Every structure is written in C-alpha cells, then in structure tokens.
1. Checking Y94 against (1) in contact with a Ser or Thr (Cβ under 9 Å, 6 or more places away or on another chain); (2) within 28 Å of Q13 (Cβ to Cβ); (3) in a loop (DSSP other than H, G, I, E, B); (4) open to solvent by less than 50 Å² (accessible area, probe 1.4 Å): exactly one of these is not met. Which one?
2. So which residues in the stretch 1-48 are at pLDDT 95 or above, among the charged types (D, E, K, R) and not in a strand (DSSP E or B), if there are any at all?
3. Going by the structure shown, is D73 open to solvent by 40 Å² or more (accessible area, probe 1.4 Å) and acidic (D, E)?
4. With the requirement that a residue be of a type in the set (D, E) and within 24 Å of G26 (Cα to Cα), what does the stretch 88-109 give you?
5. Taking into account only those residues within the stretch 52-70 that are under 19 Å from V93 (Cα atoms) and out of contact with any Leu (no Cβ under 8 Å at 6 or more places or on another chain), which is surrounded by the fewest Cβ atoms within 10 Å (Cβ to Cβ)?
6. What number of residues in the stretch 80-91 are open to solvent by 30 Å² or more (accessible area, probe 1.4 Å) and either assigned to a loop (DSSP other than H, G, I, E, B) or in contact with a helix residue (DSSP H, G or I) (Cβ under 8 Å, 6 or more places away or on another chain) (or both)?
7. Need the failing condition index for Y111 against (1) more than 15 Å from S7 (Cβ to Cβ); (2) within 10 Å of the chain's Cα centre (by Cα), just the number.
8. With the condition kept exactly as written, say whether any residue in the stretch 52-61 is farther than 16 Å from G101 by Cα and touching a strand residue (DSSP E or B) at 6+ places or on another chain (Cβ under 9 Å).
Amino acid sequence: QVQLVESGGGLVQAGGSLRLSCAASGRTFSSYAMGWFRQAPGKEREFVGGISRSGGSTYYADSVKGRFTMSRDNAKNTVYLQMNSLKPEDTAVYYCAAKIGIRVEVTTSGYGHWGQGTQVTVSS
C-alpha cells in the first residue's frame with residue numbers, strides 16, 4: 001500500500017512556473033510507476049505525464065510536451081512535476097497516481113493509488 005500527498009500548487013500568471021511534488025509513504029516506492037493527471041471543472045481527468053520506476057523513461061501528453069518535466073527521487077520517495085510556460089488552460093486540480101509494475105499507463109484505470117490533488121490556477 002502507498003499513500004500519496006501532493007503539494008506545490010497555487011496561483012501563477014501565464015508564462016510562469018510551478019513545481020509540484022508528490023510524497024509517497026512506504027518502503028517500496030521504487031516498485032511503482034508514477035503518473036500525473038489533472039482535472040478541470042466540468043472535464044474528465046486527463047493524463048499529463050508518467051515516469052517509469054527508475055525514472056529513466058518519461059511520457060507526456062501532447063498538450064504539455066516541451067513545457068512540463070517529470071522527475072523522481074526514489075531515495076526521497078518523491079515525484080515531481082516541473083511546469084514551465086504555464087497557460088490559463090493548464091488550470092486544474094493536479095493529482096499524482098501510482099501503479100505497481102513497469103509500464104506507465106495513460107488512463108486513470110491503470111492506477112490504483114491516488115493523492116488528494118493540488119489546485120493549480122493560471123491567470124491570464
């Protein structure tokens with residue numbers, strides 16, 4: 001079992017940057033592939049990015065590619081989402097998610113563990 005706690009959200013102007021963190025409990029963090037998802041009001045939760053267990057492979061939605069970067073520190077049980085060149089359309093609640101196994105999944109159903117979310121608001 002793993003518990004996830006996100007932090008780092010807030011209000012930022014368009015063009016600005018934020019770094020989200022997701023701290024995981026437990027001693028088997030390196031067994032989990034991790035994902036970041038987001039959900040805007042009235043919309044479905046969508047994949048933002050994913051990272052392999054070792055951190056050697058990352059995957060991104062087309063909408064954030066080149067602007068967002070995922071990383072992880074297995075010694076600190078933490079995964080990060082660096083968000084640059086933020087746009088108003090990036091406004092959403094951001095969730096981190098964990099799944100046992102090698103593959104990064106792009107659908108919510110692939111993940112068994114979720115954090116509570118952190119709000120990101122980008123003003124124009």
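The values are calculated or read from the model by the stated rules, or taken from the named source; none is laboratory data. The shown structure was predicted, so the numbers you read here are calculated from the model rather than taken from an experiment. When we count neighbours, we look across all protein chains shown, and the Cβ atoms used for this are built from the backbone with ideal geometry, even at glycine. Accessible surface is based on the protein model in full, side chains and every heavy atom, while ligands, DNA and RNA are left aside. Shrake-Rupley method; radii C 1.70, N 1.55, O 1.52, S 1.80 Å.
1. (3)
2. Residues satisfying the conditions are K43, E44, R45.
3. Numbers: open to solvent by 40 Å² or more (accessible area, probe 1.4 Å): yes; acidic (D, E): yes.
It is true that D73 is open to solvent by 40 Å² or more (accessible area, probe 1.4 Å) and acidic (D, E).
4. Initial filter on the stretch 88-109 (of a type in the set (D, E)): 89-90, 105.
Result: E105, single match.
5. D62
6. We begin by selecting, within the stretch 80-91, every residue open to solvent by 30 Å² or more (accessible area, probe 1.4 Å); these are 80, 82, 84-85, 87-89, 91.
Next, from what is left, pick out any that are either assigned to a loop (DSSP other than H, G, I, E, B) or in contact with a helix residue (DSSP H, G or I) (Cβ under 8 Å, 6 or more places away or on another chain) (or both): 84-85, 87, 91.
Selection size over the stretch 80-91: 4.
7. (2)
8. If we filter the stretch 52-61 for residues that are farther than 16 Å from G101 by Cα, which is where we start, we get 60-61.
Narrowing further to those that are touching a strand residue (DSSP E or B) at 6+ places or on another chain (Cβ under 9 Å): 60-61.
So far as the stretch 52-61 goes, yes, one or more of its residues are farther than 16 Å from G101 by Cα and touching a strand residue (DSSP E or B) at 6+ places or on another chain (Cβ under 9 Å).
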